[in-house]
1. Measuring from a point 7 Å past the Cα of Ile121 along Cα-to-C-beta, which residues in the stretch 202-230 have an amide N at less than 19 Å?
2. Need one number: nm distance between label points at Arg224 and Leu7, each 7 Å from Cα along Cα→Cβ, rounded to one decimal.
3. Considering the zone a paramagnetic label at Asp162 would reach in this model (a point 7 Å from Cα along the Cα-to-Cβ line), which residues of the stretch 196-222 have amide N under 16 Å from it?
4. Given points 7 Å out from each Cα along the Cα-Cβ axis, report the Ser56 to Leu72 separation in nanometres with one decimal.
5. Measuring from label point to label point, each 7 Å out along Cα→Cβ, what is the Ala63 to Tyr49 span in nm?
Amino acid sequence: MSASDQLEVSVRPYRHGYDDIKRIVHILDANNYRTGYTDGLPNAVKQTYIQVILLSLALVTFAVTGSFLLGLAAPLIFLFVRTLYYCLYFGAFPRFCCGDLRDIENVYQSEPDSNFFVAEINGRIVGYAAIVNEDSLHERLEEYSKYRNVSSGKLDSDVDSDVKIAELKRMVVDVSFRGLSIGRKLLDHCVEFCKQNNYDRIHLSAVTEQIAGLRLYSRYGFKRGLIEYERFRSVFMICIQHMSLNLDEFRAK
């Protein structure tokens, strides 16, 4: 019997005033620390666009200076500075870039077809995920502005207005409880919630360095769509992978 079989995972809506937010922020801190300091550099160098940047830096520096050592040092310095910046922003100051978690009730629980869910083991929150109606998301979440309906390669104006799309947000599992199928149980709950609220499709956006998360989504049935490159706080470029799950196709399986 596996560890996941021995542990009973329950999923429920977020409850304001039950110390839920303290645990959620703790998980966020630990996850972003892991992403920034432990996984950040190894996952970065696996990305094709980072490899192209590093090779270009090395070749240009060598061509300009004629120094093999400087050509080797330039990409290493770039990696060091990028990783340091990434760590400081996502590792040391995660709460400042996650304004929606300071107002979960308004952002995720003000409409009947949106909600914020937490996964528990023996009463301890070990993960969370949110579903929010994409049509009203940009009105409630300032940092969400342009990633709408692009998972299928279409712009807002190209999408049938009758299609109801849910956005999967803030999917996080405590680093100490990974490998126990908690992420899949959260996805199961979110998908069932979307079916009950007559959504046609679920969309999500994730940076390509979240390799484990993207693998989970792919195995679950999400299809990879457009990849967008965005300037990260006007300093570095990050790569955003859009994915979607067609609930009609999912129901037919």
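Quick note: the coordinates plus some simple rules give every number you see, no bench work behind them. Quick caveat: nothing in here was measured; it's all calculated off a predicted structure. Note that each Cβ is placed from the backbone with ideal geometry, even for glycine, and that neighbours are counted across all protein chains shown.
1. 212-213, 216
2. Output for this residue pair reads 2.9 nm.
3. 198-201
4. 2.4 nm
5. 2.2 nm
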